[in-house]
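Okay, so here's the structure we're looking at.
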Amino acid sequence: MAAANPMVYRDLVPAFPDPDTWTFAHVLRHHASARPAAICLDHPDQGLTLTYAEALDSAERVASTLYGAGAGQGDRVVIMAANSSELVRSWWGTAVGGLVEVPINTNYEGEFLRHQLAIAKARFAVIDDTFAERWIAIAEHARGIEKFWVIDTGTRDKAIRLLQDNGWQASPWEELEHGPKSDLPTPKPQDLGAIFYTSGTTGPSKGVAMPNSQLYFFAQVVVSLTRLTSEDVYLTTTPLFHGNAQFMAVYPAIVAGGRAVVRPKFSASRWIDHVRDSGVTVTNFVGVMMDFAWKQPPRPDDRDNRLRCVYAAPTAVTILPQFKERFGIEAFVDAFGLTETCAPILSPYGVDRPAGAAGLQAADWFDIKLVDPETDREVPVGEVGELVVRPLVPGICSNGYYNMPEKTVETWRNLWFHTGDALRKDEDGWFYFIDRYKDALRRRGENISSYEVEQAILGHPAVTECAVIGVPADVEAGEDEVLAVIVAAEPVTADELWQFCAGRIPAFAIPRYLRIVDSLPKTPSQKVRKSVLRDNGVTADTHDREP
């Protein structure tokens, strides 16, 4: 029997109540007027801080320069850079100016990079100097880019020359911020604000078309989850080309009128130092980060910090009480959602969750069900089903997949967004993530498309078939190691295949495990039975790249 009144999440109340104000441009202008001298961005590694007034001035100059170079409202601007204040200022410029940000994973090259450019059809790009050669390698597929602005990490002049020699306009990044300001259009909530790419579960990665209102609402979810205020300092150490850092860390801090602290990358050994040094009150963990931080040697001053809340997705529940006690943390919060849907399942602040529970339904904003993936019929409480979602309010979910209408129709069938994720709901309303129906992988905090890895490996002349799956890693929080099972037409060694992958596949996606077999298990319709491969796991004849 289900509980008569299962619990739901009721704490999600927007800081900006009027949906017509749900744009980054409005939020930044509001705080630049209300608290111009307050710090909104802190990048300790660059020794740089920006006040709200300075941030608005920078964003308006960046946008003006883009328009001066020929951009039109709604044009896409690729940003491919490691965490830096220049990346943030470029993003904020596109947002204030009514342009569309297209963040690209800094590990991407070759076919991975070409595919995402083909979807976005961007006209302008902001990149780190170290990535210029990757663009030159796919130059014939990137001629839609009219101009690059290059961030200096030590080789900028060389990178600009290389780009210019290959036919592109290219200038130092500083040109973006140092030009005159011009009149800018006013972005609307329903306008496209960004294209963030999925991991590509059953095919090439898809560009999620996110309107300004959805980007705002995603940030608002985190404001509510973590109880952010203007007094808070939010640290992110994850890559800003991911939504976790951008619209679930930096943007929430801006919505609350607080301070965002950006570090180049996560360091387990220095994490608590970074928290302490910047007066951090809220931060986030993804995947194994919580486990890595916990495994650092305890120090007498671990509790000497201002940290009160951690958003951990997922939360490593077996170490949760000890982690809170060791570092003096008041609350851990969690959520479940996707780039396409925001987070329809949220955990209330300060409420003890059942072990493994992700949260409760945000019932004022989302309609959700667990259904049989074959029939779309709802499954009984307590049974596992596919999570499907639809918004109760306009503008809080994605508009679809950019330039991929067939995939949009397929995923939003029967007027519900189909997540491909298997969850269970208990009688009290708590939802539990069980597994993925689709073949998405996650390794070291990075989403991986099994399809794209398979396609890259199939480029080897000896390989005739390839199936890529995730196998459990030896750390908590649901991370995967990548296993590729390969059928070869001629002799080939694991070392040869790993060498082939280098430069064709991002380093984090190169399979740790390789197994060469005579044939793959298949259904009568000749589809690979990946469930059998998962059941087999890492066998005695599997090669390990990290023995």
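Brief remarks follow.
- Top-ranked residue of region 251-294 - restricted to ones that are touching a residue at least 60 places away in the same chain (Cβ under 8 Å) and charged (D, E, K, R), ranked as farthest from Trp22 (Cα to Cα): Asp291
Quick grid of which residues meet (1) surrounded by 16 or more Cβ atoms within 10 Å (Cβ to Cβ); (2) touching an Asp or Glu at 6+ places or on another chain (Cβ under 9 Å):
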{"residue": "Pro348", "(1), (2)": "yes, yes"}
{"residue": "Asp367", "(1), (2)": "no, no"}
{"residue": "Asp372", "(1), (2)": "no, yes"}
{"residue": "Val393", "(1), (2)": "no, yes"}
{"residue": "Lys407", "(1), (2)": "yes, no"}
{"residue": "Lys425", "(1), (2)": "yes, yes"}
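- Subset of region 131-150 [assigned to a helix (DSSP H, G or I) and either among the hydrophobic types (A, V, I, L, M, F, W, C) or within 19 Å of Trp91 (Cα to Cα) (or both)]: Phe131, Ala132, Trp135, Ile136, Ala137, Ala139
- Residue, nearest to Pro298 (Cα to Cα), within region 312-334, restricted to residues that are out of contact with any helix residue (DSSP H, G or I) (no Cβ under 6 Å at 6 or more places or on another chain) and small (Gly, Ala, Ser): Gly328
- Top-ranked residue of region 257-289 - restricted to ones that are more than 15 Å from Gln46 (Cβ to Cβ) and of a type in the set (Ser, Thr, Tyr), ranked as nearest to the chain's Cα centre (by Cα): Thr283
- Just one residue in the set Gly400, Gly420 is within 21 Å of Gln116 (Cα to Cα), touching a strand residue (DSSP E or B) at 6+ places or on another chain (Cβ under 7 Å), of a type outside the set (A, V, I, L, M) and surrounded by fewer than 20 Cβ atoms within 10 Å (Cβ to Cβ); that residue is Gly400.
- Subset of region 157-194 [surrounded by 13 or more Cβ atoms within 10 Å (Cβ to Cβ), under 25 Å from Asp129 (Cα atoms) and either in contact with a Pro (Cβ under 9 Å, 6 or more places away or on another chain) or among the hydroxyl-bearing types (Ser, Thr, Tyr) (or both)]: Ile160, Ser171, Ala194
- Output for region 306-341, where each listed residue is within 19 Å of Arg227 (Cβ to Cβ) and assigned to a loop (DSSP other than H, G, I, E, B): Arg306, Leu307, Arg308, Thr315, Gly328, Ile329, Glu330, Asp334
- Filtered residue count, region 499-515, keeping only those that are among the hydrophobic types (A, V, I, L, M, F, W, C) and farther than 20 Å from Arg134 by Cα: 1
- Residue check, Thr375 assigned by TED's automatic domain parsing to the domain that holds Ser269, of a type in the set (Ser, Thr, Tyr) and in contact with a strand residue (DSSP E or B) (Cβ under 8 Å, 6 or more places away or on another chain): no
- Of the set (1) touching a strand residue (DSSP E or B) at 6+ places or on another chain (Cβ under 6 Å); (2) outside any helix (DSSP H, G or I), all apply to Trp91 but (2).
- Residues of region 282-295 include none that is farther than 22 Å from Gly445 by Cα and modelled with pLDDT of 95 or more.
- Selection count, region 303-332, where residues are closer than 23 Å to Val223 by Cα and β-branched (Val, Ile, Thr): 4
- Search result, residues across region 88-116 that are free of Cβ contacts under 8 Å to residues at least 40 places away in the same chain, over 17 Å from the mean Cα position of the chain (by Cα) and surrounded by fewer than 24 Cβ atoms within 10 Å (Cβ to Cβ): Arg114
- Options Val487, Val471: the member that is aliphatic (A, V, I, L, M) and closer than 27 Å to Pro354 by Cα: Val471
- Check on Val78, modelled with pLDDT of 95 or more and either out of contact with any helix residue (DSSP H, G or I) (no Cβ under 6 Å at 6 or more places or on another chain) or assigned to a helix (DSSP H, G or I) (or both): yes
- Residue match in region 522-535 (condition: part of a strand (DSSP E or B), out of contact with any Phe, Trp or Tyr (no Cβ under 6 Å at 6 or more places or on another chain) and modelled with pLDDT of 85 or more): no
- Taking region 365-459 and the strands (runs of 3 or more DSSP E) fully enclosed by it, the elements with 1 or more residues that are among the hydrophobic types (A, V, I, L, M, F, W, C) and farther than 17 Å from Val208 by Cα are at 366-371, 384-391, 417-425, 431-436, 440-443.
The values are calculated or read from the model by the stated rules, or taken from the named source; none is laboratory data. What you see is a predicted model, and the numbers here were worked out from it, not measured in a lab. FYI the Cβ positions are ideal-geometry reconstructions off the backbone, even for glycines, and counts take in every protein chain you see.
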